Each structure stands twice: as C-alpha cells, then as structure tokens.
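K.L.:
Before I ask anything, let me first share the structure, which is written out below as structure tokens.
The values are calculated or read from the model by the stated rules, or taken from the named source; none is laboratory data. Because the structure is a prediction, the values reported are computed rather than measured. FYI the Cβ positions are ideal-geometry reconstructions off the backbone, even for glycines, and counts take in every protein chain you see. Heavy atoms of the whole protein, side chains included, go into the accessibility calculation; ligands, DNA and RNA do not. Shrake-Rupley method; radii C 1.70, N 1.55, O 1.52, S 1.80 Å.
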Amino acid sequence: WKKRIGAAKRQALEVADDLISAYVQRRKASSSMFVSDSKMEASFIADFKYKDTKDQTIVWNEIKRDLESSTPMDRLVCGDVGFGKTELSIRATFLAAINGKKTLILAPTTILANQLFNSFNDRLSPYGVVCGCLTRLTKKTTAKNLVENYVKGTADVLVATHKAIFNEQVLKKSS
C-alpha cells in the first residue's frame, strides 16, 4: 500500500511539473496580434439579432483584448444555455477571419456540430467567411474536400466533431 501511495505521489508531481512547464512555455510564446476594423466589427455586432447582456459585453471586450495581444489567448467562457457564448465565439472567429486566420471549432456531438455550423454560417457567410462542417455523417468525398479547402485556405472555419482530431492535415493547419 505504501509503495502504491508513493508511486501515485510521484506520478502526481510529474503531471504537475509537466503542466507547469507547459504553462511557462505558453507564457513565453507569442502570437499574431489581431487588428480590429472598427467599422466592420461594429456592423457585424449590430447584425446580432439580440441585445448583448452586460456580462456578454464585458466578456467580449476581454476576448477582444486577448486577441489584440501578442500573448496566446488562454480563456474559458462559461455560462448557462442561451446566454450568448456561441455569439462570442462567432465574433472571435470573425476577427480571426478578417485577420487571415482560420478557426477550428470542436463539438462533442454531431447534433451540436450541425447546430454550431448553422449558427456560424448564418452569421459569417454574409461577410464572405466560408464555413464547413465535418462529422461522422459527412460522406467520404465531401469530407476530403472540406479538409482540403480548410488546409488550402479556401474555407475559413471548420466546425467538426472528433473526426477532425483524427485528420492529421487539419491538426497541423490548426496548431
């Protein structure tokens, strides 16, 4: 029993060391600073059919500040259903797209991936942002074309389930 406890403690310390090292490396890393087009961004936000909540406005300003920083973003947005987390993700994706960056959105289920794709596509396509959806139900040839378009840069956003994780091309282009 004492050996097991000792092994568990050593393993926990190793994991903690790895996490700390990863965090230190991430803090040292730099990322591209996004530049905001105030008129285009204001127009995009005005197209949102609901009024932002106070918290949504605060979090959007924090996300925007993160994206305009040279430090990689490290943010988790939590909230109840229906309080605008998807819209904040869409706005961040919009800023990425106008800065020539691609976005990979991972969803845990096929149903959620399709819902997110519809939301992202509805909001972003009027601005020329091309979105695709990759799930287990996507036909093989369609999936191949989606991945090629995303990798080549003719698609700006790929909403996907775990299927994207197993596609080496997507992972390389998204890192």
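K.L.:
Per the Kirkwood treatment, what hydrodynamic radius in Å, one decimal, follows for the chain from the mean inverse distance over all distinct Cα pairs? Intermediate values should be presented prior to the final figure.
P.N.:
Numbers: mean 1/r = 0.0549 Å⁻¹.
Evaluated over the chain, this radius sits at 18.2 Å.
K.L.:
For segment 13-145, what does the accessible surface come to per residue with a 1.4 Å probe? Please give it in Å². Numbers along the way, then the final one.
P.N.:
On the way: 8770 Å² over 133 residues.
Result: 66 Å² of accessible area for each residue.
K.L.:
Could you derive backbone 3J(HN,Hα) for segment 68-80 from the dihedral phi with the Karplus parameters 6.51, -1.76 and 1.60 (θ = phi - 60°), listing whole Hz in sequence and x where the residue is Gly or Pro?
P.N.:
8, 8, 8, 9, x, 5, 9, 9, 10, 9, 10, x, 5
K.L.:
Using DSSP to define loop residues, name the chymotrypsin sites (Phe, Trp or Tyr not before Pro) in segment 1-66 whose beta-carbon has at most 13 other beta-carbon atoms within 10 Å. Mind showing how you got there, number by number?
P.N.:
Working: sites: TRP1, TYR23, PHE34, PHE44, PHE48, TYR50, TRP60; in loops: TRP1, PHE34, PHE48, TYR50.
Hits after loop and neighbour filter: TRP1, TYR50.
K.L.:
Turning to a different aspect of this structure: Could you check the simple spin-label distance between TYR23 and ASP80, using points 7 Å along Cα→Cβ, in nm with one decimal?
P.N.:
Once both label points are built, they end up 3.1 nm from each other.
K.L.:
Would you mind checking the tilt of helix 110-124 against the longest principal axis of the Cα atoms of the chain, expressed as 0 to 90 degrees and rounded to 10?
P.N.:
The two axes meet at around 40 degrees.
K.L.:
Taking only C-alpha pairs under 8 Å that are 6+ residues apart, what is the relative contact order of the chain in percent? Numbers along the way, then the final one.
P.N.:
On the way: 172 pairs, mean separation 32.7, N = 175.
This gives 19 percent for the chain.
K.L.:
Also: Where does the longest stretch of the chain lie that holds no trypsin sites (Lys or Arg not before Pro) found in a DSSP loop with 15 or fewer other Cβ atoms within 10 Å? If you can, show how the numbers build up before the last one.
P.N.:
On the way: sites that count: LYS49, LYS51, ARG75, LYS101, ARG136, LYS139.
Of all site-free stretches, the longest is 1-48.
K.L.:
Local charge sum around ALA107 (other residues, Cβ-Cβ under 14 Å, Lys/Arg +1, Asp/Glu -1)?
P.N.:
On the way: positive: LYS85, ARG136, LYS163; negative: none.
Taking every other residue near ALA107 into account, the sum is +3.
K.L.:
Still on this structure: At 1.4 Å probe size, with the rest of the protein present, what percent of the exposed accessible area of segment 42-166 is carbon and sulfur atoms? Spell out each step's value before the answer.
P.N.:
On the way: 3900 of 7200 Å².
The nonpolar share, carbon plus sulfur, comes to 54 percent.
K.L.:
Please get the size of the charge dipole for the chain, origin at its Cα centre, with Cβ charges of +1 on Lys and Arg and -1 on Asp and Glu, quoted in debye to the nearest 20. It would help to have the intermediate numbers written out before the result.
P.N.:
Numbers: 28 positive and 18 negative charges, 168 e Å.
That gives the chain a dipole magnitude of about 800 debye.
K.L.:
Mind scanning LYS102/LYS140; LYS9/LYS102; LYS9/LYS85; LYS2/LYS28; LYS49/LYS152 and naming the pairs with a C-alpha gap bigger than 30 Å?
P.N.:
Values: LYS102/LYS140 22 Å; LYS9/LYS102 41 Å; LYS9/LYS85 38 Å; LYS2/LYS28 39 Å; LYS49/LYS152 33 Å.
In this structure, LYS9/LYS102; LYS9/LYS85; LYS2/LYS28; LYS49/LYS152 exceed 30 Å between Cα atoms.
K.L.:
If you take every residue apart from GLU41 with its C-beta less than 9 Å away from the C-beta of GLU41, what net charge results, scoring Lys and Arg +1 and Asp and Glu -1? Intermediate values should be presented prior to the final figure.
P.N.:
Working: positive: LYS39, LYS64, ARG91; negative: ASP37.
Charge balance in the 9 Å sphere: +2.
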